[in-house]
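Step one of this worksheet: look at the structure below.
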Amino acid sequence: MKWLKRILLSILGFVLCLIFIGFTYEHISRFYIKRRIPINGELINIGDHKLNIKTKGTGKPTVVFESGLDAGGSLVWCKVQDEISKTTSTASYDRAGILWSERGNNPKTGEAMAGELYTLLKKANQNGPYLLVGHSLAGFIIRSFVAKYSNEVLGIVLVDVSHPEQFQRFPKEIKALSSMPPDWIIKFSNSTGIVRLFYTRQYPNTIKTDSINIINNSYLPVSLAAASEENKNLEALAKEAGKITSFGNIPLVVITGTSESRRNEYPTKELGLKVEKIWMEMQTELLGLSTNSEHVLASKSSHYVQLEQPELIIEAIRKQLREVVDTM
C-alpha cells in the first residue's frame, strides 16, 4: 500500500503545484495589465470607494450612459458616446467592482446603485439636467434613478432593457441557462488564472483586436466577482424595480433588438420563438412607463443594439435633445 500512498501524494503535490503556478500567473497578469492598460476615465471618490467615470463633450443636458449586466461596463457605449459628445456633455461609468471601479460596501440594489451614480455625477461636476440612456439591467437602475431624482431627468432611452416580470414570464429553461456556478468555483477559477486562460469574449459587430474586447478580456477576472454578485441579485432587483411604475410625462424611447439571430442563442428554435414573443410583449409594456413614449425596432440587432446599430440610439438621443432644449 505504500506505493499507492506515494502515487496519491505525488498527484496531490502536482495539483498543488498547478494551483500555485495559476495563482502566481493570475496576480502577475493583473499587475502587468494595470501598467499596460491605463484607466479609461477618471477615478472619483464617492465615499468609501472610488468609481471610474468617462466624460466627453460640453453643453447641457448631460447624457448619462448606464450599462447592463456586463463585465465590460462603460466600454459598450464607446460608439454612441463618441458621437453624442460632439453635441453635448456625456458621461459613462463603471459600476462598483467593474473594470477600474472599486467595489466599496454599498449593496447591489437599484436604489444604492442609482445613488452611487448620482453622487459620482455631482462629484465629477456633471450636473443635471440629465438624459438617461440604459441597456439591459440598466432598466432596473434607471427606474430607481428617476424615482429619486425625477426633477433632474429630461429624457430617457431604454435599450433592450430588462422587465421586472421577466423571471416569472420566461420559460423555466431560461433560468437554467443563465444560472451561475457556486461562488467557490468562481473564486477558485478566478484566483488561479483559469478564467483568464480559457475565457475570451468578442462583442457583436466588433473584431477580436478591438480595444473593447482586449480591455474586457484583460479585466474580466477583476470584474467577475461584482458581475456575479449583480447576477445573483437579479430577481431582487426586478422586484424592487417593479414597484416603480411611472416616469410621468418624461420623454421615453424604448429600443428593442428584433434580429432573427436572437433565436440562435437558445438550444431550440421553438424556445427561441417563445422567448422572442414574450420579450416583445414586455418591451411594448415598457412604453406605459411614460405618457410620452415611442418604440423603435432595431431589425439588424440582437441584444447589443449600441454596438450593432448605434445609429438608432444616436438618433433617438439627438431627437430627445432637440425636443428638450426648449424646456431648459
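Bear in mind that the values in this text are calculations on the coordinates, not laboratory data. Since the model is a prediction, treat every value here as computed from it, not as a measurement. Counting neighbours? That spans all protein chains shown, and the Cβs are built from the backbone with ideal geometry, glycine included.
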Label point 7 Å out from Lys319 along Cα-to-Cβ: which residues of the range 143-169 have amide N under 19 Å?
-> 154-161
Could you please report the charge total around Ser144, scoring K, R as +1 and D, E as -1 over all other residues with beta-carbon less than 15 angstrom from its beta-carbon?
-> 0
Would you mind counting up the charge near Thr24? Only other residues with Cβ under 15 Å from its Cβ, with Lys and Arg at +1 and Asp and Glu at -1.
-> +1
Approximate shape of the range 1-107 as ellipsoid semi-axes (Cα gyration tensor, √5λ), whole Å, largest first | 46, 14, 12
Between beta-carbons, use under 10 Å as the cut-off and find the net charge around Gly72, counting Lys and Arg +1, Asp and Glu -1.
-> -1
Where in the range 154-196 does the label zone of Lys232 land, with the point 7 angstrom along Cα→C-beta and an amide N cut-off under 18 Å?
-> 176, 178-192
Relative contact order (percent, whole number), the chain, Cα cutoff 8 Å, 6+ residue spacing = 20 percent
Taking the simple approach of a point 7 Å from Cα along Cα-to-Cβ for both Ile186 and Glu281, what is their distance in nm?
-> 3.0 nm
In the range 11-87, taking the dipole from +1 charges on Lys and Arg beta carbons and -1 charges on Asp and Glu beta carbons about the Cα centre, the listed residue (Val76, Ile39, Phe65) farthest towards the positive end is Ile39
Can you give the Rg and Dmax of the chain based on its C-alpha atoms, in angstrom?
-> 21.3, 87
Taking Thr200, Thr87 and counting other C-beta atoms within 10 Å, the order from fewest to most = Thr200, Thr87
For a footprinting-style exposure proxy, rank Ile98, Ile212 by other Cβ within 10 Å, fewest first.
-> Ile212, Ile98
Cut-off 15 Å (backbone N to label point 7 Å along Cα→Cβ of Thr245), residues of the range 152-172 | 164-165
FRET efficiency for Ser150 and Asp210 from the Cβ-Cβ distance with R0 = 51 Å, rounded to 0.05, comes out at 0.90
Exposure proxy ranking, count of Cβ atoms within 10 Å, fewest first, for Thr245, Thr88, Thr209 | Thr209, Thr245, Thr88
